[in-house]
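Undergrad: Just passing along the structure, written as structure tokens.
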Amino acid sequence: MSEIQMIKLLSGEIAGERDLNEREAFALMSAMLDGGMGELELGALLVLLEHKPLALAELLGYCAALAPRCSRLRPLPGSARPVVFSCYHGVKGQPHLLPLVALTLQRLRVPVLVHGALDGAGGVAAAYVFRELGVLPCATLSQAQARLEEHKLAFVPTAVLMPGLAELLALKGRLGFGGFIQALARLLVPFESEALQVVGTNALMGMDLLREYLAVSGARALLLEGVEGEAFADPRRRPSLEYVAAGECRVLFDPETATLRHATTLPAAIDAQTVAAWIRRAMSGEVPLPLPLVNQIACCLYGAGCTDDMNQAKAIVAVETGSLAAA
């Protein structure tokens, strides 16, 4: 099917609007990633995909096209499963605390890979906070591998993992939208073998769709309602933390409805310098880690295979973070 036919199909001109099947979605995303269409047609398709509700078959097809085009890193021998976070836009309403989760896991000797954008599109990107903390983006895949092996933590820009996807993401600045491609990029898992994928919901991919996708695809993942789409728990109010493995999903922590008492100890501002300074204080024990983040770290420790018992994971993290309320 040509791109013109695909545009007509998605816009409802051909036999009424319908979902793509997995094969059609795979072919469409492959052409978009490989530069197989003109800019005008590509822009039209991005507009249509931005506003179309996403079906499971489509998501499976799109991700099947992404997978073979993504560069792969080697897991670390004798280590826990690597934990993968994605960061594809800035946070505007509260501090970006994903770097705190990543650094705590690093301290626990869990390999952590963060991939995503270098800018915050008007918000504070994780990359900004990481830079203030001395974690610089990797320029090459070999550098990312070396940092994982030496330091257990690497931040990798999308262009290093998949140039074709980075080019699609770059269109956001020109076209004024790009949530569809950002949502797909969050599902990249650039490892040769199994990793724990931490996935935050967003406007295009809700909890139900992501839960079903992760189960059908055989992924191992921690699923949560992220902060503005970023994959860290709201420090003021814990979301549901769900663990997906072997096609099954179970809730590790139920959502909380009340604002937590540690919310008052959060950074006074959301700029990268203030947040990074607060994270240093939290890592040194001067201020308590918010309980929702302690809970998320315990889930990551469990999903990474550091322990087969969730209660033990909670105890380990409670000791490491100085929290007595992780149970």
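The values are calculated or read from the model by the stated rules, or taken from the named source; none is laboratory data. Since the model is a prediction, treat every value here as computed from it, not as a measurement. Ideal geometry is used to build each Cβ from the backbone, glycine not excepted, and the neighbour counts take in all protein chains shown. Protein only, heavy atoms only, side chains kept; ligands, DNA and RNA dropped before computing areas. Shrake-Rupley method; radii C 1.70, N 1.55, O 1.52, S 1.80 Å.
Undergrad: Quick test for you: out of Glu248, Glu286, Glu242, pick the one residue that is modelled with pLDDT of 90 or more, more than 24 Å from the chain's Cα centre (by Cα) and of a type in the set (Asp, Glu). Reasoning before the result, please.
TA: Values: Glu248 fails: more than 24 Å from the chain's Cα centre (by Cα); Glu242 fails: more than 24 Å from the chain's Cα centre (by Cα).
Only one candidate qualifies: Glu286.
Undergrad: Just checking, how many residues over the range 171-229 are closer than 25 Å to Leu141 by Cα and among the acidic types (Asp, Glu)?
TA: 2
Undergrad: Can you list residue pairs whose Cβ atoms sit under 6 Å apart, with the first residue in the range 123-143 being surrounded by fewer than 21 Cβ atoms within 10 Å (Cβ to Cβ) and the second being among the aromatic types (Phe, Trp, Tyr)? Count only pairs 6 or more apart in sequence or on different chains.
TA: Pro137/Phe155
Undergrad: Looking at (1) in a helix (DSSP H, G or I); (2) modelled with pLDDT of 95 or more; (3) over 26 Å from Ile270 (Cα atoms); (4) of a type outside the set (Lys, Arg), which is the one condition that is false for Gly164?
TA: Every condition holds for Gly164 apart from (2).
Undergrad: Continuing with this model, one more query. For the range 212-220, indicate whether the set of residues that are in contact with a strand residue (DSSP E or B) (Cβ under 9 Å, 6 or more places away or on another chain), surrounded by fewer than 24 Cβ atoms within 10 Å (Cβ to Cβ), part of a helix (DSSP H, G or I) and basic (Lys, Arg) is non-empty.
TA: Looking for residues that are in contact with a strand residue (DSSP E or B) (Cβ under 9 Å, 6 or more places away or on another chain), surrounded by fewer than 24 Cβ atoms within 10 Å (Cβ to Cβ), part of a helix (DSSP H, G or I) and basic (Lys, Arg), one finds none in the range 212-220, hence no.
Undergrad: Any idea how many residues of the range 64-77 are within 18 Å of Ala27 (Cβ to Cβ), open to solvent by 20 Å² or more (accessible area, probe 1.4 Å) and in contact (Cβ under 8 Å) with a residue 12 or more places away in the chain?
TA: So the count comes out to 2.
Undergrad: Hey, could you check the range 107-119 for residues that are more than 15 Å from Leu184 (Cα to Cα), in a loop (DSSP other than H, G, I, E, B) and open to solvent by 10 Å² or more (accessible area, probe 1.4 Å) and say which is modelled with the lowest pLDDT?
TA: Checking each candidate, the answer is Asp119.
Undergrad: For the subset of the range 78-106 comprising residues that are open to solvent by 10 Å² or more (accessible area, probe 1.4 Å) and farther than 21 Å from Val294 by Cβ, which member is nearest to the chain's Cα centre (by Cα)?
TA: The residue in question is His89.
Undergrad: Restricting the search to the range 37-49, which residues are open to solvent by 40 Å² or more (accessible area, probe 1.4 Å) and touching a residue at least 12 places away in the same chain (Cβ under 8 Å)?
TA: Hits for the range 37-49 are Glu41, Val47, Leu48.
Undergrad: Anything in the range 50-63 that is free of Cβ contacts under 8 Å to residues at least 40 places away in the same chain, open to solvent by 10 Å² or more (accessible area, probe 1.4 Å) and acidic (Asp, Glu)? List them, or say none.
TA: In the first step, residues of the range 50-63 are kept if they are free of Cβ contacts under 8 Å to residues at least 40 places away in the same chain; the result is 51, 53, 55, 57-58.
Narrowing the set further to residues that are open to solvent by 10 Å² or more (accessible area, probe 1.4 Å) leaves 51, 53, 55, 57.
Correct list: empty.
Undergrad: I'd like the full set of residues that are within 14 Å of Leu108 (Cβ to Cβ), surrounded by 24 or more Cβ atoms within 10 Å (Cβ to Cβ) and touching a residue at least 60 places away in the same chain (Cβ under 8 Å), limited to the range 273-298.
TA: Here is the first cut: in the range 273-298, the ones within 14 Å of Leu108 (Cβ to Cβ) are 283, 289, 293-294, 296-298.
Remaining after also requiring surrounded by 24 or more Cβ atoms within 10 Å (Cβ to Cβ): 289, 293-294, 296-298.
Leu289, Leu293, Gln296, Ile297, listed by residue number.
Undergrad: When residues of the range 202-223 are filtered for being out of contact with any Gly (no Cβ under 6 Å at 6 or more places or on another chain) and either closer than 30 Å to Glu149 by Cα or of a type in the set (Phe, Trp, Tyr) (or both), how many remain?
TA: 8
Undergrad: Follow-up question, since we're still on this one. Could you please find all residues in the range 183-211 being in contact with a helix residue (DSSP H, G or I) (Cβ under 7 Å, 6 or more places away or on another chain) and in a helix (DSSP H, G or I)?
TA: Leu184, Ala185, Leu209
Undergrad: Could you grab me the full set of residues in the range 265-305 that are of a type in the set (Val, Ile, Thr), under 13 Å from Glu132 (Cβ atoms) and outside any loop (DSSP other than H, G, I, E, B)? Before the answer, list the steps.
TA: Quick first cut of the range 265-305, residues of a type in the set (Val, Ile, Thr) only: 265, 270, 274-275, 279, 287, 294, 297.
Pick out the ones that are also under 13 Å from Glu132 (Cβ atoms) and you get 270, 274-275, 279.
Within the range 265-305, Thr274, Val275, Ile279 qualify.
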